[in-house]
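Novice: Take this structure first; my questions come after.
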Amino acid sequence: MNSVSPSAVQYVGGGTDVGGGGTRDATTAGEPDEVDKLKTKLMSAWNNVKYGWSVKSKTTFNKSSPVTVMGHSYLLNSEDEVEWFRRAFVSRLWLTYRREFPQLEGSTLTTDCGWGCMLRSGQMLLAQGLLLHLLPRDWSWPDAQQFADVDFEALRPRSPSRAGGVPIPSFGYSSSSRIPTAPQKTSMPGGTALNHTQKKRPESGRDRQAEPLHRRVVAWFGDEPPAPFGVHQLVELGKSSGKKAGDWYGPSVVAHILRLLRFTNLAVYVAQDCTVYKKDVVHLCDQSLNQSISDPEPSGPGWKSVIILVPVRLGGDSLNPSYIKCVRNILRLECCIGIIGGKPKHSLFFIGCQDEQLLYLDPHYCQTCTLSVMLSLSRSPPPQSFHCSSPRKMPFSRMDPSCTIGFYAKNKKDFESLCSAVCVALSSPEEKYPIFTFVEGQAQDYGLVGHSSSYPHSDTGPAHMLPQGKLSRSNNIGSSDDFVFL
């Protein structure tokens, strides 16, 4: 198991991640006894100390090569460019370990410290998909400027043959920072243009108007049973995969848990055997094909948006270096919403890259549950609690080969463009076997059961559907909010 650096800002202070072993549920068929409760309290107290402190340091970036965040690339060679990167990073939702939430059903656990890191990474990937689904693609969190200083520093390489560098003055920003002018398009090696935001958008415009939706998305990940995408709901759905509270979840299992969540006008497809069956995606998204004969009235738009999840293994015990270029290419696509992965037994959410380094958000930081704040739409969630100001990097070589790659397509045209762009990104002369493939047919045409479109947890329809104003009743979970996706 890998230790965690004590220098990580906002992250775990040190020690060894116990994600592989986890805090096991010690309950029996009856009520937990006093010994079990005491064990749980002691373990929770230890995890709160282990994952609840931080030490400040800075991550360094090369100012001469582009850094990519969710398909947009930035050259950190000017104050404006650094500010655009800062906003892009801070605007990502950051879901971490929580403590003191309502007890998980069937256990004595009131925290996911030590075992729920992969679930948190899955939440972050889903959150990115929902932000793209609900908000303008170029949206940035208008309160990002509350983070006076983002903890990173640009570096100028010493020589073309040396990977190290010497620091240049870092750019500090206060709450009165000016809005940067839009960066110009810059060419990368090979003629590929960087995907910067193409125009200046004042913070007081659409970003501020979209803030209620941003708050609502955060509330959906609250750590209480009514929250549709909270840890209580994920653990409940994980039972169908033989998991329980306290178990460690792999990236493939988390992908299938996300598939069972319920949405409106949004579907979740999980690839099988590293293959995306395009006809299965069409059947999942084209509502005219799913229209019941007894219900001739259309229920909404003709095509649902879709999140595509592809569980893969990029090598044996360690990452196959020949796949690094493909992973880098995938992270540079605007349709990519991140990768659930990490280091062995230590989950991370990868959101970008620079050179031979992966950029990530780390869930290994324990915070107090703030559900009362999140569910109050009249108040903004604490910014330090759900947004991170500390970019972190790790070498591709340390990446665990087991991961799940996420994509988002808003409509049919976007899905077709996604298929084309991803196929190009996957092509590599170094590796004749692609990470995964797209085929035209259905899984059943190849003798496979269509797990990606089955719905064992629903009495009325596919598991990816969320009727307006209510949640799945199969898990006895109610809601006081209308979860309506625009």
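Novice: Find all pairs meeting these conditions: Cβ atoms under 6 angstrom apart; at least six residues apart or on different chains; first residue within the range 405-429 and open to solvent by 60 Å² or more (accessible area, probe 1.4 Å); second residue among the hydroxyl-bearing types (Ser, Thr, Tyr).
Specialist: Within 6 Å, the pairs are Lys410/Ser305.
Novice: Report, ordered by the first and then the second residue, all pairs with beta carbons closer than 7 Å, sequence separation of six or more or different chains, a first member in the range 383-402 that is aromatic (Phe, Trp, Tyr), and a second member that is open to solvent by 20 Å² or more (accessible area, probe 1.4 Å).
Specialist: Here the result reads Phe396/Ile324; Phe396/Glu356, each pair linking the range 383-402 to a residue that is open to solvent by 20 Å² or more (accessible area, probe 1.4 Å).
Novice: Quick one: count up the residues across the range 189-224 that are in contact with a helix residue (DSSP H, G or I) (Cβ under 6 Å, 6 or more places away or on another chain), modelled with pLDDT of 75 or more and either open to solvent by 80 Å² or more (accessible area, probe 1.4 Å) or assigned to a loop (DSSP other than H, G, I, E, B) (or both).
Specialist: Result for the range 189-224: 5.
Novice: Can you tell me which residue is most open to solvent (accessible area, probe 1.4 Å) among those in the range 251-273 that are in a loop (DSSP other than H, G, I, E, B) and under 26 Å from Tyr446 (Cα atoms)?
Specialist: Result: Asp273.
Novice: Suppose we filter the range 74-121 for residues that are assigned to a helix (DSSP H, G or I) and among the aliphatic types (A, V, I, L, M); how many remain?
Specialist: 5
Novice: Can you tell me which residue within the range 278-336, out of those that are over 27 Å from Ala88 (Cα atoms), modelled with pLDDT of 85 or more and of a type in the set (Asp, Glu), is least open to solvent (accessible area, probe 1.4 Å)?
Specialist: Asp280
The values are calculated or read from the model by the stated rules, or taken from the named source; none is laboratory data. Predicted model only: the values in this text are computed from it and were never measured. Glycine also receives a Cβ, built like all others from the backbone with ideal geometry; neighbour counts cover every protein chain displayed. Side chains are part of the model used for accessible areas, which takes the heavy atoms of the whole protein and leaves out ligands, DNA and RNA. Shrake-Rupley method; radii C 1.70, N 1.55, O 1.52, S 1.80 Å.
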